[in-house]
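Encoded as structure tokens, the structure appears first; notes follow it.
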């Protein structure tokens, strides 16, 4: 059975387009062809073209690998800061209950939407 792909939201499509443009600019700044970047990522040049167009069907790991190779800062953080954010996120996730409960009510003090974990 074929895997069903969820339709991306407008926000997701905009984010893919922005990231794709950043990757293309980074690739050009390094004077790499799409084939050069493709070799480094381990994919074909058509995948790089799809990433740069903002195509939603490319695996997120592939997109993030391409971004990191051309120097696009992921989540506005450098490598050290990103590792710190990852650890903080893992620590918070470890505190979550192991099974799902009905959603708790939110208050104005909740700040979980920020990337600062």
Worksheet item: How far apart, in nm, are the 7 Å Cα→Cβ label points at residue 86 and residue 14?
Response: 2.9
Discussion item. Sorting check: for 75-86, 22-33, which peptide has the highest mean count of neighbouring beta carbons within 10 Å, and how do the rest follow?
Written reply: 22-33, 75-86
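Computed from the coordinates by the stated procedures, all read-outs in this text should not be read as laboratory data. Bear in mind that the values here come from a model prediction, so they are computed numbers and not experimental data. When we count neighbours, we look across all protein chains shown, and the Cβ atoms used for this are built from the backbone with ideal geometry, even at glycine.
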